[in-house]
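> The structure that follows is given in the form of structure tokens.
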Amino acid sequence: SFEARVDGAKVRQRSASFADHFSQPTMFWNSMAEWEKKHIAAAFSFELNQVEDDAVRARAMNEMLVNISDDLAQRVSHQTGIKIARAGPRQTPTPSAPSPSGPLRDTINPASSPALSMDKPCLNLAGRRIAVLAGHGVDGGHLAMSIKQLSKLDLLPEIIAAQAGTISASDASLHKVNRAAHNAPSVIYDAVIIPGGKSAAALAKSALAVQFVMEAYSHGKPLLALGQGELVLEAAGIGEDSDEGVIVNAVAGDGLADLTEALREHRFHERATDRTPAS
């Protein structure tokens, strides 16, 4: 710094960038993977399909979405039936400070940032919640090893059974049930393990258990079936060859190692899920 005389009137004025409402949302949209864009468009469509006032629906489309991305607007229009009819010229963002690699964005195609997308491997698995579907007669070795190995990795395994209380494994050991099935929505778990044993046949006949697995599959989550646990996948119409992230293994140690690697991929979004319901 250096000494200098400054003259003029002091005023309170916002930067012109405060008038730019759309370049950041556009950058966010441009940064998304295709599966993320589908989720975003579906979310907008879900909310707008609940709006009964046509004027509100039209404003959301023609004063907001079209200024973020034509692609986003077209996707939402297709799912909601809201027509795209701009009343005036599309708003263009105000240029901002340049980045080392060039302008941060332009008024036609703002830049993207890989930091904004979740479409990348996960390095830290700590805290991921794993659903272990079990019942009376579950393979004691499968269950004990699953809980032990997952806990070592700072993952959070939860035993889910038809009722709360305890279940008796094939080796007569007792295990506390963390959640009764009716209180365990699939959406709060990052992966599913189905141990072998007599309990697998009962789970395969349980509509609640089959629905749980189908939803987890539709949401792209890793699934591991140990031994007879494959019966539940078959009841859900899911085979070992259905997709990456579906693991069938009679050896618990190998299966858990494969599940850990699948968890690092976070989700498997290329699955064909039209035949499987998801809430």
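The values are calculated or read from the model by the stated rules, or taken from the named source; none is laboratory data. Keep in mind the model is a prediction, meaning the values are calculated, not measured. Neighbour counts run over all protein chains shown; Cβ positions are idealised from the backbone, glycine included. Quick note on the areas: whole protein, heavy atoms, side chains included, nothing else; ligands and nucleic acids left out. Shrake-Rupley method; radii C 1.70, N 1.55, O 1.52, S 1.80 Å.
> Mind checking the per residue accessible area of the range 1-56 for me, 1.4 Å probe, whole number of Å²? Walk me through the numbers on the way to the answer.
Numbers: 4670 Å² over 56 residues.
Using a 1.4 Å probe on heavy atoms only, each residue of the range 1-56 averages 83 Å².
> Let me ask something additional. So what's the gap between the Cα centers of the range 165-232 and the range 114-140, to the nearest angstrom?
Result: 14 Å between the Cα centres.
> I'm spelling it out carefully: the read-out is volume of the Cα convex hull per residue in Å³, the candidates are (i) 156; (ii) 192; (iii) 218, and one was derived from this structure. Which label?
It is the one labelled (iii).
> Still on this model: Is the C-alpha gyration tensor of the range 126-279 telling us rounded, prolate or oblate? Criteria: a/c under 1.5 is rounded; beyond that, a/b larger than b/c is prolate, otherwise oblate.
Values: a/c = 1.44, a/b = 1.24, b/c = 1.16.
In terms of gyration-tensor shape, rounded.
> Counting each DSSP H run of 4 or more residues in the chain as -39500 (n - 2.57), what helix-only mean residue ellipticity at 222 nm follows after dividing by all residues, to the nearest 500 deg cm²/dmol?
Numbers: 9 runs with 91 residues, N = 279.
Calculated mean residue ellipticity at 222 nm is -9500 deg cm²/dmol.
> Here's another thing I want to ask about it. Between 0 and 90 degrees, rounded to the nearest ten: what's the tilt of helix 140-152 against the longest Cα principal axis of the chain?
Value to nearest ten degrees: 30.
> For helix 34-48, report the angle its Cα long axis makes with the longest principal axis of the Cα atoms of the chain; keep it between 0 and 90° and round to the nearest 10°.
Taking Cα atoms only, the helix is inclined about 80 degrees.
> Per-residue accessible area for residue 46 at 1.4 Å probe radius, Å² rounded to 10?
Residue 46 exposes around 130 Å² with every protein chain in place.
> Can I ask one more? Can you spot the aspartates and glutamates whose alpha carbon is less than 15 Å from residue 120's alpha carbon? Ignore those fewer than 8 places along the same chain.
Within the straight-line limit of under 15 Å, residue 120 reaches these aspartates and glutamates: 34, 36, 261, 265, 270.
> Further question on the same structure: Assign unit charges at the C-beta atoms only (+1 for Lys and Arg, -1 for Asp and Glu), then state the dipole size of the range 130-265 relative to its Cα centre in Debye, rounded to the nearest 20.
Working: 8 positive and 16 negative charges, 136 e Å.
Roughly 660 debye, rounded to the nearest 20.
> Can you tell me the relative contact order of the chain? Whole percent, Cα pairs under 8 Å, sequence separation 6 or more. Provide the component values of the computation, followed by the final result.
On the way: 450 pairs, mean separation 40.4, N = 279.
With pairs under 8 Å counted, the relative contact order is 14 percent.
> Sticking with this one: Whole-Å semi-axes of the range 192-251's equivalent ellipsoid, largest first, each the root of 5 times a Cα gyration tensor eigenvalue?
Numbers: eigenvalues 49, 38, 14 Å².
So the equivalent ellipsoid measures 16, 14, 8 Å along its semi-axes.
> Mind checking the range 164-253 for trypsin sites (Lys or Arg not before Pro) that DSSP puts in a loop (not H, G, I, E or B) and that have at most 12 other Cβ atoms within 10 Å? Kindly include the intermediate steps, with their values, before the conclusion.
Values: sites: 176, 179, 198, 205; in loops: 198, 205.
Passing sites in the range 164-253 are 205.
> Next up: Among 61, 174, 155, whose Cα lies farthest out toward the positive end of the dipole of the chain, if unit charges sit on the beta carbon of Lys, Arg (+1) and Asp, Glu (-1)?
61
> Additional query: Just how large is the dipole of the chain about the Cα centre, in debye to the nearest 20, putting +1 at every Lys and Arg Cβ and -1 at every Asp and Glu Cβ?
Details: 27 positive and 32 negative charges, 185 e Å.
Using only the charged Cβ atoms, the result is roughly 880 debye.
> Which of the three applies to the range 137-184, rounded, prolate or oblate, going by the alpha-carbon gyration tensor with a ≥ b ≥ c and a/c under 1.5 meaning rounded?
oblate
> To the nearest 10 degrees, how steeply does helix 252-264 sit against the main Cα axis of the chain, on a 0 to 90 scale?
Relative to the chain, helix 252-264 is tipped by roughly 10 degrees.
> Considering only the chain, what is the antiparallel percent among its DSSP beta bridges, to the nearest 5? Each step should come with its number before you reach the end.
Details: 6 of 23 bridges.
Antiparallel bridges: around 25 percent, rounded to the nearest 5.
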